[in-house]
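The values are calculated or read from the model by the stated rules, or taken from the named source; none is laboratory data. Source: prediction; values computed, not measured. Neighbour counts are summed over all protein chains in view; Cβ atoms, including those assigned to glycine, are modelled from backbone coordinates with ideal geometry.
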Amino acid sequence: MKFLKPFLILQFIILTSFNFGQENNSKPFNLDFTREAILIGAGAAAGVTSLIILNNIEPLTPEEINSLNPADVNGFDRGAIGPYKEDQVGDVLLYTSALLPLTFLANEEMNKDFLDLAVMYGEVLLVAESVNGIVKGTVKRTRPYVYDPNTDIADKITKDARVSFFSGHTTTTAAISFFTAKVFSEYIEDNTAKVLIWCGAAIYPAVTALMRVNAHWHFPTDVMAGYVFGALVGYFIPELHKNKNSDNISFNTSFIPGRPLLSIQIKF
């Protein structure tokens, strides 16, 4: 139920944000009631769906586990098969990444807009984790360690052993890292600092992905998909909230009773 926490936090932030829905041309980002209602409502619905799907997963039986053949795994992913072990480094990277947006407080302008940024951050987590949960529960891909004959059967007959695709750790760290870098890039003007921030944003989830594969919790394709999806969510949620979109990309929201709509126009 971790994806429900951002939703509850968002409710509090939105109700206490004095500038909600008021356009301020001096700010890089602005909130819009209709747009936030669509994003949060859709994210919450996806989160509930994710919870239901994940709860209904049936663990593999010992017979099914014994019938697994590593040769059935594609050659690119097969090298990730190995014994079960705790991924302490990956867990630390995941939980530490949640604190990255607190660096916004070090910047005077970002500090002033922190409530708006916090809403966007909550939306990033809500969308990334909810969609990831739906995909995991629908695909039900067996984790690499389940194929290993030396791994204890107790570690193989769990629901968690069937949610390999795609990597949640990589998705979340990529979403937070790219979100943080995108926000910083809209507030600071130092190009050298921007390059360093974006390099860090790219490397952080890549290291997380490597740890997940080395610990035999994920196949390479799991972490690659998680990286791309998380990066897209982390980048485009703040892009959606930009105060002045470029002439090439525009985002519009409208609300017809029972039919909230979000449209994206891209000019080439």
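Would you mind stating whether Ala71 is at pLDDT 95 or above and more than 24 Å from Gly137 (Cβ to Cβ)? For Ala71, the condition - at pLDDT 95 or above and more than 24 Å from Gly137 (Cβ to Cβ) - is met. The single condition from (1) under 30 Å from Asn66 (Cβ atoms); (2) in contact (Cβ under 8 Å) with a residue 24 or more places away in the chain; (3) among the small types (Gly, Ala, Ser) that Ala128 fails is (1). Listed here are the helices (runs of 4 or more DSSP H) enclosed by segment 52-123 that have at least 1 residues being aromatic (Phe, Trp, Tyr): 75-78, 88-97.
The residues listed here are Thr96, Thr138, Thr103; of these, the one that is over 20 Å from Met224 (Cα atoms), of a type in the set (Val, Ile, Thr) and in contact (Cβ under 8 Å) with a residue 24 or more places away in the chain is Thr103. Select from segment 163-209 the residues that are surrounded by fewer than 16 Cβ atoms within 10 Å (Cβ to Cβ) and assigned to a loop (DSSP other than H, G, I, E, B) and list them in ascending order. Answer for segment 163-209, where residues must be surrounded by fewer than 16 Cβ atoms within 10 Å (Cβ to Cβ) and assigned to a loop (DSSP other than H, G, I, E, B): Ile188, Glu189, Asp190.
Contact map, segment 147-161: residues that are of a type in the set (Gly, Ala, Ser) and modelled with pLDDT of 95 or more paired with residues that are assigned to a helix (DSSP H, G or I) and crowded, with 16+ Cβ neighbours inside 10 Å, Cβ distance under 6 Å, separation 6+ or inter-chain. Pairs shown: Ala161/Val146. Against the numbered list (1) farther than 30 Å from Ile237 by Cα; (2) of a type outside the set (D, E, K, R); (3) part of a helix (DSSP H, G or I), Leu126 comes up short only at (1). The criterion of being more than 16 Å from the chain's Cα centre (by Cα) and surrounded by fewer than 13 Cβ atoms within 10 Å (Cβ to Cβ) holds for Asn74. Scanning segment 98-127 for residues being of a type in the set (Val, Ile, Thr) and out of contact with any helix residue (DSSP H, G or I) (no Cβ under 6 Å at 6 or more places or on another chain) gives a total of 1. In segment 116-130 there is at least one residue that is charged (D, E, K, R) and either touching a strand residue (DSSP E or B) at 6+ places or on another chain (Cβ under 8 Å) or modelled with pLDDT under 95 (or both). Of the listed requirements (1) among the hydrophobic types (A, V, I, L, M, F, W, C); (2) surrounded by 14 or more Cβ atoms within 10 Å (Cβ to Cβ); (3) within 20 Å of Pro205 (Cα to Cα), Ile57 misses just one: (3). When segment 27-41 is limited to residues that are out of contact with any Pro (no Cβ under 8 Å at 6 or more places or on another chain) and part of a helix (DSSP H, G or I), the one that is surrounded by the most Cβ atoms within 10 Å (Cβ to Cβ) turns out to be Leu39.
Hey, can you tell me all the residues within segment 136-160 that are part of a helix (DSSP H, G or I) and either surrounded by fewer than 21 Cβ atoms within 10 Å (Cβ to Cβ) or basic (Lys, Arg) (or both)? If the condition is that a residue be part of a helix (DSSP H, G or I) and either surrounded by fewer than 21 Cβ atoms within 10 Å (Cβ to Cβ) or basic (Lys, Arg) (or both), then Lys136, Gly137, Thr138, Val139, Ile153, Ala154, Asp155, Lys156, Lys159, Asp160 are the ones that fit. Just wondering, is there one or more residues in segment 206-215 that are over 30 Å from Pro59 (Cβ atoms) and modelled with pLDDT of 95 or more? Yes, segment 206-215 contains at least one residue that is over 30 Å from Pro59 (Cβ atoms) and modelled with pLDDT of 95 or more.
This table checks each residue for (1) touching a Leu at 6+ places or on another chain (Cβ under 7 Å); (2) of a type outside the set (D, E, K, R).
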residue: Val135; (1), (2): no, yes
residue: Val139; (1), (2): no, yes
residue: Asp148; (1), (2): no, no
residue: Asp152; (1), (2): no, no
residue: Ile157; (1), (2): yes, yes
residue: Val183; (1), (2): yes, yes
residue: Val195; (1), (2): no, yes
residue: Trp198; (1), (2): no, yes
